[in-house]
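The values are calculated or read from the model by the stated rules, or taken from the named source; none is laboratory data. Just so we're clear, the structure is a prediction, and the values are computed from it rather than from any experiment. Cβ sites come from the backbone with ideal geometry, for glycine too, and all protein chains shown count toward neighbours.
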Amino acid sequence: MSERRYDPESLRISVDQGHSVTVAHVTGEIDLSSADAFREGLAERLDSDEVFVLDLDGVTFMGSMGFSVLVETHHETSRRNIRWAIVAGAGPIRRPLRITGLEQVLPIYPSVPEALAALTTNN
């Protein structure tokens, strides 16, 4: 597992390539000051053109810029035909995803195992 600290106080992205699908675990806060770093971390996943899971269960706060990055990523994955999944279990971002209607648009799963199963069985 490799880890990249964008801002040790607020955002970390750890990449686990031990699965047939890469899993990027995000921890910390995604706000105005860390949204560009979040975007950069997702761009690295997109540049690989590989199927990936974005695990947001370690995110303690996500502002509107973070949600915008998720929508941008969704559009880019669709354009490039890259399969991906977002894990947002019962954490603090689940409710905003539901209220905004994004949980109806984005590929959201309650756990990493469920996201992996969905991506590996729908080849």
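Observations
- Whichever residue in the stretch 44-60 is more than 16 Å from Ala85 (Cβ to Cβ) and in a helix (DSSP H, G or I) and, among such residues, is nearest to the chain's Cα centre (by Cα): Glu44
- Candidates Gly63, Gly41, filtered to the one that is modelled with pLDDT under 95, on the phi < 0 side of the Ramachandran plot and within 11 Å of the chain's Cα centre (by Cα): Gly41
- Entry remark, the stretch 79-89: residues being part of a loop (DSSP other than H, G, I, E, B) and over 18 Å from Phe67 (Cβ atoms) number 3 in total.
- For the stretch 1-22, a residue qualifies if it is charged (D, E, K, R) and modelled with pLDDT of 60 or more, and the qualifying residues are Glu9, Arg12, Asp16.
- The lone exception for Ser68 - which of (1) in contact with a strand residue (DSSP E or B) (Cβ under 6 Å, 6 or more places away or on another chain); (2) within 18 Å of Ser10 (Cβ to Cβ); (3) in a helix (DSSP H, G or I); (4) of a type in the set (Ser, Thr, Tyr) it fails: (1)
- Members of the stretch 10-34 that are surrounded by 16 or more Cβ atoms within 10 Å (Cβ to Cβ) and part of a loop (DSSP other than H, G, I, E, B): Ser10, Val21, Asp31, Ser34
- When Ser20 is tested against (1) touching a strand residue (DSSP E or B) at 6+ places or on another chain (Cβ under 6 Å); (2) touching a residue at least 60 places away in the same chain (Cβ under 8 Å), only condition (1) is not met.
- Residue within the stretch 99-111 that is within 23 Å of Glu29 (Cα to Cα), under 13 Å from the mean Cα position of the chain (by Cα), buried (at least 19 other Cβ atoms within 10 Å of the Cβ) and at pLDDT below 95 present: no
- Residue pairs meeting the criteria (Cβ under 7 Å; at least 6 apart or on separate chains; first in contact (Cβ under 8 Å) with a residue 24 or more places away in the chain and among the β-branched types (Val, Ile, Thr), in the stretch 23-43; second crowded, with 18+ Cβ neighbours inside 10 Å and assigned to a helix (DSSP H, G or I)): Val23/Val112; Ile30/Phe38; Ile30/Gly66
- Residue satisfying all of: in the stretch 35-48; closer than 20 Å to Val112 by Cα and touching a helix residue (DSSP H, G or I) at 6+ places or on another chain (Cβ under 7 Å); surrounded by the most Cβ atoms within 10 Å (Cβ to Cβ) among these: Phe38
- Among the residues of the stretch 76-91, those identified as farther than 22 Å from Asp57 by Cα and surrounded by fewer than 14 Cβ atoms within 10 Å (Cβ to Cβ) are Ser78, Arg79, Arg80, Asn81.
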